[in-house]
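Here the structure is laid out as structure tokens; the discussion comes afterwards.
Every number in this text was worked out from the coordinates using simple rules, so none of it is lab data. Note that the structure is a prediction, hence the values are computed from the model and not measured. Cβ placement follows ideal geometry from the backbone for every residue including glycine, while neighbour counts extend to all protein chains displayed.
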């Protein structure tokens, strides 16, 4: 994903609402998960953007994936072809009639990763 131009207002919101008081990657991941889960108003219609041109699909986003599925990146559950699948939130574009709070929280996440941020995966101690 290409780096996005700096947005001080968005960065302030992210700092104060998503990752406030986070001191390590686990806390950052948990902070983001809670922030998105609290503000994502589901279900809503969105485009699941494919990396392959012409392969994007219209889907219903029905909720957040489990926190275990969100250790590397935030994932949402979508309904597609009578099944429920987890996909990266970064690949979701909400429809224009999606409520503003949901649009904003998705844009916040996409901005944050667009700035080169990511979650680190930790190996368990043996």
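Brief remarks on what is shown
- Taking the stretch 68-77 as the range and being touching a helix residue (DSSP H, G or I) at 6+ places or on another chain (Cβ under 8 Å) and part of a strand (DSSP E or B) as the test, the residues that pass are 75, 76.
- Single residue of the stretch 4-43 satisfying the filter (outside any helix (DSSP H, G or I) and in contact with a helix residue (DSSP H, G or I) (Cβ under 6 Å, 6 or more places away or on another chain)) that is nearest to residue 92 (Cα to Cα): 40
- The set of residues in the stretch 72-85 that are under 15 Å from residue 109 (Cβ atoms) and either surrounded by 13 or more Cβ atoms within 10 Å (Cβ to Cβ) or without any contact (Cβ under 8 Å) to a residue 12 or more places away in the chain (or both) comprises 73, 74, 75, 76.
- Count - residues of the stretch 1-37 that are closer than 25 Å to residue 96 by Cα and loosely packed, with under 13 Cβ neighbours inside 10 Å: 8
- Scanning the stretch 23-41 for residues that are in contact with a strand residue (DSSP E or B) (Cβ under 8 Å, 6 or more places away or on another chain) and in contact (Cβ under 8 Å) with a residue 60 or more places away in the chain turns up 36, 40.
- Residues (in a loop (DSSP other than H, G, I, E, B) and either farther than 21 Å from residue 6 by Cα or under 11 Å from the mean Cα position of the chain (by Cα) (or both)) located in the stretch 78-117: 81, 82, 95, 96, 97, 98, 99
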